[in-house]
Amino acid sequence: MKPALSSPTSSRTARIALRSMAALWMLFLSAACSGGNRLADHVFIVSFDGGKPAVIAESSMPTLNKLAGEGAVTGSAQTIFPSKTLPSHTSMFTGLGPAKHRVLWNSYDPARGIIQSPTVFTLARKFDPRISTALFAGKIKFRHLWQENSLDVFDFNGQRSNTPVARSEEIENATSPAKKVAAAAAAYIVEKKPQLCGIHFPDPDTAGHKFGWGSAEQKAAFASSDEALGVLLEALQKAGIADKSVLILSADHGGHGRTHGENIPDDMTIPWVAWGKSVKAGTTLTRPVNTTDTTATALWLLGVPIPAQLDGRPVYEAFSVGTTAISR
Ligand SMILES: [Zn+2]
């Protein structure tokens, strides 16, 4: 007797099974490509550099307060250690802790090249090359996050060329104020309606280093950054995408005295607010939120599969949609 495995009946069954599997896979792919799993059409990640929740609470920030009231919020999210601008933003925009992304330096240093781990922009683009992306940064060091083919636009101080920028004291210290960053981002949003967009407001950190965390000057910088946030909101309205968007508002670190970078609550505690489509309005988040969760949440909202190595996980609790749609 012939072994069962080679019998014509069995191979026919196997062929049918394979065809069914292929059909299912095609169905899955077409659902994924048509945005079948997408929960928001646009995700904007806004970072207030040095945004310590305790100082934000004492500053005049009507727009942020309005969005927090209409959104899901925690004032006790955590950043990574070292609580410094470039390592922390790298975690925010990769979903990885520093042990994995290895960006431990905190200045613009072209010799170090571009980070090796994929950013949220790269992951989104790899999944669907049609996803439009942009990053508007107030500090030149963000260029370390500019991976090939990951961004339609990287904007620092109006410069958008990807020819190398030489390192210099001037360019390292030349921050682009929140209002300038917001104006550039707003014009772009109205024109291009990016699906995944990062926006960085440096002012609170600049004032914190000069005058101290919690100083009157820093509170003024928060107020000015809040006006910049208002400009972004207006742009979403003008572009007609406000009801299809989610905004994630957060920070890279807090601060104490005139510095930050330590593993203490003053430096490690950051705000995390989600506002927009499918967000559970008026929610105070009780689960721990880490800055790495920002990338995981953005990917989940855009229907992009979340890589297993990510340290962050989506903040499902902030949204009214099924929390088990994509889990790992
Ligand atoms: Zn910073």
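The values are calculated or read from the model by the stated rules, or taken from the named source; none is laboratory data. On a predicted model such as this, the values are computed, not experimentally measured, just so you know. Note: ideal-geometry Cβ built from the backbone for every residue, glycine included; neighbour counts use all protein chains shown.
Points to keep in mind about this one:
- Any hit, the stretch 164-171, residues being of a type in the set (D, E), at pLDDT 95 or above and either surrounded by fewer than 23 Cβ atoms within 10 Å (Cβ to Cβ) or not in a loop (DSSP other than H, G, I, E, B) (or both): no
Every residue, every condition in (1) under 21 Å from the mean Cα position of the chain (by Cα); (2) within 16 Å of the ligand (Cβ to nearest atom); (3) farther than 29 Å from R143 by Cβ; (4) of a type in the set (K, R), yes or no:
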| site | (1), (2), (3), (4) |
| --- | --- |
| A187 | yes, no, no, no |
| A207 | no, yes, no, no |
| I241 | yes, no, no, no |
| S250 | yes, yes, no, no |
| N263 | no, yes, no, no |
| G282 | no, no, yes, no |
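- Filter result (aliphatic (A, V, I, L, M) and either under 17 Å from S250 (Cβ atoms) or modelled with pLDDT of 95 or more (or both)) within the stretch 90-113: M92, L96, A99, V103, L104
- Members of the stretch 254-291 that are touching a strand residue (DSSP E or B) at 6+ places or on another chain (Cβ under 6 Å), assigned to a loop (DSSP other than H, G, I, E, B) and within 15 Å of P204 (Cα to Cα): G254
- Residue check, K219 modelled with pLDDT of 95 or more and surrounded by fewer than 16 Cβ atoms within 10 Å (Cβ to Cβ): no
- If the condition is being among the polar types (S, T, N, Q) and surrounded by fewer than 16 Cβ atoms within 10 Å (Cβ to Cβ), then the stretch 172-216 contributes N173, S215.
- Cross-chain or 6+ apart pairs with Cβ under 6 Å, the stretch 218-239 first and within 17 Å of G50 (Cβ to Cβ), then among the polar types (S, T, N, Q): K219/S59; F222/S59; A223/S59; A223/S60; D226/T63; L229/T63
- Residue match in the stretch 67-80 (condition: at pLDDT 95 or above, part of a loop (DSSP other than H, G, I, E, B) and among the charged types (D, E, K, R)): no
- The number of residues in the stretch 81-108 being away from the ligand (no atom under 16 Å from the Cβ) and either more than 16 Å from the chain's Cα centre (by Cα) or over 22 Å from P307 (Cβ atoms) (or both) comes to 3.
- From G138, G198, residue being touching a residue at least 60 places away in the same chain (Cβ under 8 Å) and closer than 25 Å to V304 by Cβ: G198
- Scan of the stretch 206-253 for residues that are closer than 16 Å to A57 by Cα, among the aliphatic types (A, V, I, L, M) and in a strand (DSSP E or B), ordered by number: L249
- When each of D243, D226, D267 is tested for being among the charged types (D, E, K, R) and crowded, with 24+ Cβ neighbours inside 10 Å, the lone residue that passes is D267.
- The residues of the stretch 109-136 that are assigned to a strand (DSSP E or B) and either over 17 Å from the mean Cα position of the chain (by Cα) or among the polar types (S, T, N, Q) (or both) amount to a single one, T133.
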